[in-house]
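See below for the structure under consideration.
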Amino acid sequence: MEERKDEERTPAGAEQTPDVRRSARQWLDATLGVLNRAGRSVAGRRAGIALSVLTVALIGVVIGVLLGANTKANIGPFNAEMTIRPSLSGGTDVVIPPLGSLLLDSHDGPVHLSVQLGTLDQLRTRALIDDPAGIARASETAVQDVTRGIIRLGVRTLAVSVLCALLLAALVFRNVRRVAWSGLLALIITGGSLGIAGLTLRTQSIEEPRYEGLLVNAPAVVGDARRIANDYNMYSEQLQQLVGNVSRIYTTVSTLPLYDPAPGTKRVLQVSDLHLNPTAWQMIRTVVEQFNIDAVIDTGDITDWGSEPEGSFVSAIGALKVPYIFIRGNHDSARTAATVAGQRNAIVLDNSMTTVAGLTIAGIGDPRFTPDKETSPAGSGLSKSAAEQVMGTGERLANTIRASGQPVDIALVHDPESAGALSGVCPLVLAGHVHKREVRTLKQVPGAPPTRLLVEGSTGGAGLRGLEGEAPTPLSMSVLYFSKERTLQAYDDIQVGGTGQSQVTLERHVINDKNPVSPSGTPTPSPTRS
């Protein structure tokens, strides 16, 4: 009876307490696991949503730029179109059909500006023709026209990009919050891209345009080298002159107008290594006429073998009607030099000096005659004795210049290896031989002024051998601009894309003595002006 009473006093389920505790613990663990998984899934979901919103915003910006980043602008008499496109390198190109294009390294990416000068407005063009001061007035307002057009283009690009991002987000998400985030991201991306372009603007880039198009139009489109900007205000003047030049081209039928050279400015055309290519003469004549060349300098290898039959090739010199200064290359014989000297406008220098177009020029022929070698530099490699000959040639010319007692503006050698001894003797040395363009400063002599070396490519595309490689050797020449003080102020590198090709490239290089070309041949960057 007492045992039964004890059982009755024990609470019901007291014996099951451990089982209840175990069950509660299991339930708690399961709940926590569900919460952890839910937390992880929420974080992953949020990351996925953020990535999808960013992707939609980027796609919307690209679509907006491709569809709406363009605007019309009136620049002088032209109906121009301005366009922005995504780009890694930035820059600006001014398309002037059918003359060609000016490429400017104006800013860094990620946007590229294209300005295409289209048709002429009939009323504005008639006003230009009827009013003698019309072109000058159009040039003066060109900067304002371009500035207004760029601002309008930037605002339009920003608006269209954001709108496209909003529309695309509305179609994809159908969620107001996500649509708003997409629009905000599009605004940041587009505004940031335009901001990068503005912050990296290089106003001096218009001083050194790269021209692509028809060779005969290059001097008129690029302008005269004397138009060199020294500060920001000159940037505006350069742009005005560019518009004025192009306006004259379109409004003048009979002649191709050019800038009149500044008083005392001289233009010298450097050619080299024609190697019997008759195409070179046609190119030289075009440049002499269109660029108003005062003299031509040939740094050798006008022939391949120096033979008598090749003498007829040099007869084209007389048709140029400007002084032609020549030094012998390693493929030119004494007979070749004599034939050149027989041309009425030719001057052959061989350790001698002359004055042409106000410039004092000294030159010496190559000491070798190696017509049996290939025209490529590797085929006429320097042995020890040949190297001594070549370098000794430069020393001989340097001694001649010193003995003359008069300052020399330009020294001529065929092989650039001869140029070292001329450092400090004269400010500029011209050479050829290597069939590729090189520009560098010679190792400076202590206490002497620096000397710049310009090595020309092959004006004849290295002759028939220029076709042996995968790509033809380009036909190269350079126009050198000398101030009235007889110093080099700029030069234009002109290239035609090799035999059988017609692409013409012109690059303007402005000389800045404060930033000379390094001895390695790589120009040091010009400082950004403000």
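What distance in nm separates the simple spin-label points at Glu485 and Asn175, each placed 7 Å from Cα in the Cβ direction?
6.9 nm
Once the piece of chain linking Arg46 and Leu66 is laid out straight, how much longer is it, given 0.36 nm per residue of separation minus the C-alpha distance between them? Don't skip to the answer; put the middle values down first.
On the way: separation 20, 0.36 × 20 = 7.20 nm, distance 3.03 nm.
Stretched out fully, the Arg46 to Leu66 stretch lengthens by 4.2 nm.
Efficiency by 1/(1 + (r/R0)^6): what FRET value for Ser307 and Leu88, r their Cβ-Cβ distance, R0 = 60 Å, to the nearest 0.05? Each step should come with its number before you reach the end.
Working: r = 52 Å, r/R0 = 0.87.
My answer for the efficiency is 0.70.
What net charge is computed for the residues neighbouring Gln270, neighbours being all others with C-beta under 12 Å from the C-beta of Gln270, Lys and Arg scored +1, Asp and Glu -1?
Values: positive: Arg267, Arg437; negative: Asp273, Asp298, Glu456, Asp492, Asp493.
It works out to a net charge of -3.
Which entries in the list Lys266/Lys443; Lys72/Lys266; Lys266/Lys384 go over 30 Å, if you measure between the two C-alpha atoms of each?
Details: Lys266/Lys443 28 Å; Lys72/Lys266 40 Å; Lys266/Lys384 40 Å.
Lys72/Lys266; Lys266/Lys384, as the Cα separations exceed 30 Å there.
Give the calculated FRET efficiency between Asp105 and Ile151 to the nearest 0.05, with a Förster radius of 30 Å applied to their Cβ-Cβ distance. Can you show the working numbers first?
On the way: r = 22 Å, r/R0 = 0.73.
My answer for the efficiency is 0.85.
Note down the accessible area of Ser312, probe 1.4 Å, to the nearest 10 Å².
The accessible area comes out at roughly 80 Å².
Put a dot 7 Å past each Cα toward the Cβ at Asn345 and Glu388; how far apart are the dots in nm?
4.3 nm
Around Ile75, which amide H atoms from residues at least 5 apart in sequence, or from another chain, sit under 5 Å from its own amide H, with H modelled in the peptide plane?
Answer set, sorted by chain and number: Ala80.
I want to check the label-to-label distance for Ala159 and Asn399. Put each point 7 Å from Cα in the C-beta direction and report it in nm to one decimal.
7.8 nm
The values are calculated or read from the model by the stated rules, or taken from the named source; none is laboratory data. Because the structure is a prediction, the values reported are computed rather than measured. Cβ: placed from backbone, ideal geometry, glycine included. Neighbour counts: every protein chain shown. When the accessible area is computed, the model is the full protein with side chains, heavy atoms only, and any ligands, DNA or RNA have been set aside. Shrake-Rupley method; radii C 1.70, N 1.55, O 1.52, S 1.80 Å.
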